[in-house]
Amino acid sequence: MEKIAIISDIHGNLPALSAVLQDIKKRGIERIFCLGDLIGKGPSSASVVDTVRKNCEWVVKGNWDYYVTKENISKELEWHQNELGEERLEYMKSLPLYLEFYISGKLVRLFHASPKDLFQRTYITNTIDEKLELFESPSDLKTTSDIVGYGDIHGAFIDNFRGKSLFNVGSVGNPLEIPQASYAIIEGHYQSAKSSPILTSLVRVPYDVEKSIADASATDMPKKTEYIKELKTAVYQRHKEEE
């Protein structure tokens, strides 16, 4: 049996990422997959990208990772773009949209929001039919997955229906439930198509929120006031242009 840690939505929050990686190490987990949104919101996008590249075996692209590589973007994303530099931006352009593997006889597919669309939002309150769309194959092979894991919505949950298992890993650096980092662990026989026991669990990790706030406060980063409120309250702060 092998444990795999699955992290997502770090959003430039290095203290939160460091706490999660420390917790993963304490559990003796050596294989880590990341489901995107490494950058944005927080002040340490460059350091987070470097840390993820060093520690994660697989990384998929998030919507923020996509937007930051484009031209004529917002002042907020332009700030993060300048912090990242060309080499990191090229790395983020190269990230895949999903990854898949067998574990204990189950086909697992992992992605940021959807295997076909970075901007599709699926919540625990969506209908079963809407959730089942996430299990559809993004390729011509038409292979339906048994287990799906994703990030994007910053709210962790595990749901089982119609013989399928769906889980959201929550957010490492910008949780919108409680002000603690979140990640998932899946345990089983990795790369095995033979049926055997499998376990999926969620982990909450306290971290130094005040350090993350201090890091943001020391910069001229756009929208840092909203970001700091989200760190303190775990409540999404709607921006004026979204109203």
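The values are calculated or read from the model by the stated rules, or taken from the named source; none is laboratory data. Being a predicted model, the structure only gives us computed values, none of them experimental. Glycine gets a Cβ as well: all are built from the backbone with ideal geometry, and neighbour counts include every protein chain shown. Just so you know, the surface numbers come from the protein's heavy atoms only, side chains and all, with ligands and any DNA or RNA stripped out. Shrake-Rupley method; radii C 1.70, N 1.55, O 1.52, S 1.80 Å.
Structural remarks
- Note on region 111-128: residues that are farther than 26 Å from Lys223 by Cα, aliphatic (A, V, I, L, M) and in contact with a Ser or Thr (Cβ under 9 Å, 6 or more places away or on another chain) total 0.
- All positions within region 45-56 that are of a type in the set (Gly, Ala, Ser), more than 14 Å from Asp9 (Cβ to Cβ) and open to solvent by less than 50 Å² (accessible area, probe 1.4 Å): Ala46
- Complete set of residues in region 148-186 that are open to solvent by 10 Å² or more (accessible area, probe 1.4 Å), assigned to a strand (DSSP E or B) and not basic (Lys, Arg): Phe157, Ile158, Asp159, Asn160, Phe161, Ser165, Ile185
- Val68 under 19 Å from the mean Cα position of the chain (by Cα), farther than 29 Å from Phe161 by Cβ, open to solvent by less than 20 Å² (accessible area, probe 1.4 Å) and not small (Gly, Ala, Ser): yes
A quick yes/no check of all residues on (1) open to solvent by less than 60 Å² (accessible area, probe 1.4 Å); (2) out of contact with any Ser or Thr (no Cβ under 6 Å at 6 or more places or on another chain):
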residue: Ile7; (1), (2): yes, yes
residue: Val20; (1), (2): yes, yes
residue: Ile24; (1), (2): yes, yes
residue: Trp58; (1), (2): no, yes
residue: Ser74; (1), (2): yes, yes
residue: Asn82; (1), (2): no, yes
residue: Leu89; (1), (2): yes, no
residue: Lys93; (1), (2): no, no
residue: Lys106; (1), (2): no, yes
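- Selected residue (criterion: farthest from Leu110 (Cα to Cα)) from residues of region 26-43 that are crowded, with 24+ Cβ neighbours inside 10 Å and of a type in the set (D, E, K, R): Lys41
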